[in-house]
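Single-structure report; data block below.
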Amino acid sequence: MSKLELKQIYLELEHEIKRLSQSTIVIYRDATRDDAQQVIADLKPDIDNWIVQLNNHTIACYELENLLEAKRCTIKLSRLKNKGVDAKEIEKIKGDVMRLIAKAIMNSYFETLFRNQNTPCHDKEVLFEH
């Protein structure tokens, strides 16, 4: 995976975080954005590793789900907690952030999935005969 592709993932995450923070109550918008960016920064080494593992086929998509779910418990969202956001809403936002991360990782994986395969398609002629 190139640095450009990794940069694209983090740009996509930044964009999604902005959309997430726009959908929250105005008084919590900045805290939501800042907490989400902190989660991304904290998980960056893991995210990079998961992308490499997916691309090398050393983990499967369902394993990525388990890895993300395990990290969900470590997310603090301290800015939102300090603003008095209730625990139920905190859990919802944690889920939203993890969903954004999963989406960015999977989009990256699917983008590169067929790009690097040089196997010829043996049934190509059959597709065009009908």
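How would you order 36-43, 78-85 from highest to lowest mean count of nearby Cβ atoms within 10 Å?
Put in order of decreasing packing, that is 36-43, 78-85.
Would you please state the base-10 log of I(q)/I(0) at q = 0.17, 0.21, 0.26, 0.27 1/Å for the stretch 53-121, with intensities from the Debye formula using one equal scatterer on every alpha carbon?
Ignoring solvent entirely, the Cα scatterers give -0.71, -0.90, -1.14, -1.19.
In a shell of Cβ-Cβ distance under 10 Å around GLN38, excluding GLN38 itself, what net charge do Lys and Arg (+1) and Asp and Glu (-1) give?
Computed value for this residue: 0.
Here, each number is a calculation from the coordinates, and none is a lab measurement. Quantities reported herein were computed from a predicted structural model and do not represent experimental measurements. So basically every Cβ, Gly included, is an ideal-geometry build from the backbone, and we count neighbours across all protein chains shown.
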